[in-house]
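Encoded as structure tokens, the structure appears first; notes follow it.
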Amino acid sequence: VCSSDLKFRGGLGVELTYKCLVPCQVNINFERTKMPPWGLDGGGEGGSNYAIIRYASGGEKRVLKGTQIPLQAGDSVAFFTAGGGGYGEARQRAPEAIARDVQEGFVSRAKAKELYGAKA
């Protein structure tokens with residue numbers, strides 16, 4: 001079902017974070033890492049998939065693909081899935097829909113201004 005107030009925004013990605021309780025290994029094998037989901041009828045492209053490993057000892061590493069990556073207790077892996085591409089010219093999105101997206105944390109005020117021409 002397509003609601004008219006969602007007409008121009010692409011799908012939202014998901015962030016999942018896992019914290020290691022014991023030493024282990026992780027396999028990361030994302031697709032759509034170089035060519036994000038496309039938009040239609042002038043819509044912008046979606047996001048790209050990636051993961052970030054955050055080490056308990058400090059530092060982090062962005063990963064697109066890897067097998068048997070060793071992790072220690074306390075390390076975490078955050079998976080960021082791609083959002084879908086938009087449909088239609090973003091600047092035609094209804095102001096009330098943009099305001100709702102900002103209020104619900106789907107887009108920052110700065111990004112809303114950049115993408116939609118919305119007043120900050």
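The values are calculated or read from the model by the stated rules, or taken from the named source; none is laboratory data. Because the structure is predicted, anything quoted here is derived from the model rather than measured. So basically every Cβ, Gly included, is an ideal-geometry build from the backbone, and we count neighbours across all protein chains shown. What goes into the accessible areas is simple: the full protein's heavy atoms, side chains included, and nothing from ligands, DNA or RNA. Shrake-Rupley method; radii C 1.70, N 1.55, O 1.52, S 1.80 Å.
When D101 is tested against the conditions (1) under 21 Å from the mean Cα position of the chain (by Cα); (2) open to solvent by less than 60 Å² (accessible area, probe 1.4 Å); (3) modelled with pLDDT of 95 or more, the lone failure is (3). Note on region 106-118: among residues that are crowded, with 18+ Cβ neighbours inside 10 Å and not in a helix (DSSP H, G or I), the one that is modelled with the highest pLDDT is V107.
Return yes or no: is T17 closer than 30 Å to E96 by Cβ and either out of contact with any Phe, Trp or Tyr (no Cβ under 9 Å at 6 or more places or on another chain) or open to solvent by 40 Å² or more (accessible area, probe 1.4 Å) (or both)? Before the answer, list the steps.
Working: closer than 30 Å to E96 by Cβ: no; either out of contact with any Phe, Trp or Tyr (no Cβ under 9 Å at 6 or more places or on another chain) or open to solvent by 40 Å² or more (accessible area, probe 1.4 Å) (or both): yes.
It is false that T17 is closer than 30 Å to E96 by Cβ and either out of contact with any Phe, Trp or Tyr (no Cβ under 9 Å at 6 or more places or on another chain) or open to solvent by 40 Å² or more (accessible area, probe 1.4 Å) (or both).
Quick check: is even one residue across region 72-89 in contact with a Pro (Cβ under 6 Å, 6 or more places away or on another chain) and open to solvent by 60 Å² or more (accessible area, probe 1.4 Å)? Looking for residues that are in contact with a Pro (Cβ under 6 Å, 6 or more places away or on another chain) and open to solvent by 60 Å² or more (accessible area, probe 1.4 Å), one finds at least one in region 72-89, hence yes.
Figure legend. Inter-residue proximity from region 91-105: first residues outside any helix (DSSP H, G or I), second residues open to solvent by 60 Å² or more (accessible area, probe 1.4 Å), beta-carbon distance below 9 Å, spacing 6+ or different chains. Indicated pairs: R93/K7; R93/L115; A94/S4; A94/K7.
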